[in-house]
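Novice: Sharing a structure here in structure tokens format.
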Amino acid sequence: MEMFNPNSNIDFLGMRKVSLVISLVLVLASLALVATRGLNYALDFTGGVLIEAQYEQPVAVDQVRAALTAAGIENAQVQSLGGTRDVSIRLQPQADQKDVDAVGKTVMAALQKSRADASLKRHPDFVGSSVGDELKSDGIVAAVFVMLGIMIYIGIRFEKRFAIAAIASEFHDAILTVGFFAATQLEFDLTVLASLLAVIGYSINDKVVVFDRVRELFRLTRKAETYDILNKSINQTLSRTIMTSLTTALAMFALFFFGGPSVHGFALTMLVGIVIGTLSSIFFANPILLWLKVSKTDLMPVTKENPELARRP
């Protein structure tokens with residue numbers, strides 16, 4: 001199944017100057033937003049008030065969230081405590097709430113208004129942000145190791161210029177995705193962090209497919225002009241790139257609309273990453289390869305000189 005004619009000759013590289021300038025502007029804007037506005041870290045990173053409630057009859061997590069939302073308590077994290085009657089609620093106290101007891105009373109009033117069988121399981125407690133700081137640093141380390149692993153893999157499978165183009169694309173996609181959250185100030189929690197790592201892995205998949213086609217065309221063509229080979233590679237893999245992105249996006253749309261609030265951040269991050277990764281596969285990765293002056297000789301095996309043959313007349 002081909003959405004686009006694989007023999008088409010759309011001059012994608014002819015737009016490389018515009019696309020690279022746009023990418024550079026977006027990357028700088030994203031970095032500026034992260035530096036000035038920062039990310040809206042969720043309770044996973046900032047800490048907050050922890051309240052444990054219990055019900056006499058089974059209760060669904062969605063019912064608890066709905067009761068809190070109806071009372072004007074937004075962005076609370078609700079989790080089941082291993083059963084159907086106990087839940088934990090974590091939230092940031094509002095400006096007019098001076099202590100955890102006031103927060104606990106407000107939350108329990110909201111729950112009891114929805115269901116009279118709700119009661120406080122134990123005294124509310126304040127959870128600090130030290131664990132969140134550790135999670136931030138661990139997330140950064142994980143992202144760095146993922147990118148280094150990708151660079152080593154691409155360098156072994158292809159050639160160092162491909163590795164440089166791949167890692168540049170990964171930084172490009174990751175920075176733009178983080179910039180989206182800095183611009184929108186949507187909550188950045190652990191599910192978003194996990195999704196960001198998934199975006200890095202997903203993004204490299206498209207690049208590997210295009211790079212594979214570049215290598216094949218270089219080997220099949222005797223007189224290979226780099227510009228033509230790179231353009232042809234994008235055209236021939238365009239259908240696969242678009243179809244893969246669309247099918248993955250459909251799954252993420254289903255998660256976003258029907259998966260519940262707990263996976264909204266994951267699904268939204270993946271959707272943003274899919275769009276950015278698809279565009280960078282077409283308009284960013286190959287222009288970087290052209291700029292690095294990749295050629296057919298880079299993909300030819302290196303032959304060592306045989307001293308025995310050199311001594312022959």
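The values are calculated or read from the model by the stated rules, or taken from the named source; none is laboratory data. Note that the structure is predicted; figures quoted are calculated from it, not measured. Backbone-built Cβ (ideal geometry, glycine too); neighbour counts: all protein chains shown. Each accessible area value is taken on the protein alone, full model and side chains, heavy atoms only, with ligands, DNA and RNA left out. Shrake-Rupley method; radii C 1.70, N 1.55, O 1.52, S 1.80 Å.
Novice: In the chain, with Lys and Arg counted as +1 and Asp and Glu as -1 at Cβ, which of these residues, Phe45, Leu28, Phe181, has the Cα nearest the positive end of the dipole, that is, farthest along it?
Specialist: Leu28
Novice: Right, next: If you keep only loop residues by DSSP, which trypsin sites (Lys or Arg not before Pro) in region 126-228 have at most 14 other Cβ atoms within 10 Å of their Cβ?
Specialist: Here the sparse-neighbourhood loop sites are Arg222, Lys223.
Novice: I would also like to ask the following. Report the charge-dipole magnitude of region 48-127 in Debye, nearest 20, computed about the Cα centre from +1 at each Lys and Arg Cβ and -1 at each Asp and Glu Cβ.
Specialist: Around 80 debye, computed over region 48-127.
Novice: I would also like to ask the following. What order do Tyr153, Tyr227, Tyr202 take when sorted by accessible area (1.4 Å probe), most exposed first?
Specialist: The most accessible residue leads, giving Tyr153, Tyr227, Tyr202.
Novice: Sticking with this one: Label points 7 Å out from Cα along the Cβ direction at Gln63 and Leu26: separation in nm?
Specialist: 4.5
Novice: In percent, what relative contact order does the chain have, based on Cα pairs under 8 Å that are 6 or more apart in sequence?
Specialist: It rounds to 26 percent for the chain.
Novice: Report the residue, chosen from Ala249, Ala194, Ala35, that carries the largest GNM mean-square fluctuation when the chain is represented by alpha-carbon nodes joined by springs under 10 Å.
Specialist: The residue that fluctuates most here is Ala35.
Novice: Could I ask something else about it? Quote to one decimal, in nm, the extra length available between Ile242 and Leu290 on full extension: 0.36 nm per residue of separation minus the C-alpha distance between them.
Specialist: 15.0 nm
Novice: Only four residue types carry charge here, +1 at the Cβ of Lys and Arg and -1 at the Cβ of Asp and Glu. Report the dipole size of the chain about the Cα centre in Debye, rounded to the nearest 20.
Specialist: I would put it at about 1360 debye.
Novice: For Thr184 paired with Gln112, estimate the spin-label separation in nm (one decimal), with each label point 7 Å from Cα along the Cα-to-Cβ line.
Specialist: Between Thr184 and Gln112, the label points sit 3.8 nm apart.
Novice: Still on this model: To the nearest 500 deg cm²/dmol, what mean residue ellipticity at 222 nm is calculated for the chain from DSSP H runs of n ≥ 4 alone, each contributing -39,500 (n - 2.57), summed and divided by the residues?
Specialist: After summing the helix terms and dividing by the residues of the chain, the value is -21500 deg cm²/dmol.
Novice: Using the beta-carbon distance between Asn9 and Arg157 and R0 = 30 Å, what value does 1/(1 + (r/R0)^6) give for FRET efficiency, to the nearest 0.05?
Specialist: Plugging the Cβ-Cβ distance into 1/(1 + (r/R0)^6) gives 0.60.
Novice: Taking only protein heavy atoms and a 1.4 Å probe, what accessible area per residue, in Å², does the chain have with all protein chains in place?
Specialist: Ligands and nucleic acids excluded, the result is 54 Å² per residue.
Novice: Where the accessible area of the chain is counted over protein heavy atoms with a 1.4 Å probe, how much of it, in %, is carbon and sulfur?
Specialist: Answer for the chain: carbon and sulfur cover 62 percent of the accessible area.
Novice: Sticking with this structure for a sec: For Lys160, which lysines qualify as cross-link partners when the Cα separation must be under 17 Å and same-chain residues fewer than eight apart are set aside?
Specialist: Lys207, Lys293, Lys296
Novice: Here are several values of percent of Cα pairs over 31 Å apart: [x] 46; [y] 39; [z] 32. Which one was derived from the coordinates shown?
Specialist: [x]
Novice: Further question on the same structure: Return the lysines within reach of Lys121: Cα separation strictly under 27 angstrom, same-chain partners fewer than 8 residues apart disregarded; answer none if there are no such residues.
Specialist: Excluding near neighbours in sequence, the set is Lys98, Lys105, Lys113.
Novice: Also, I was wondering about something else. At 7 Å along Cα-to-Cβ for each site, give me the label-to-label distance between Phe257 and Ala198 in nm.
Specialist: Roughly 1.8 nm, to one decimal.
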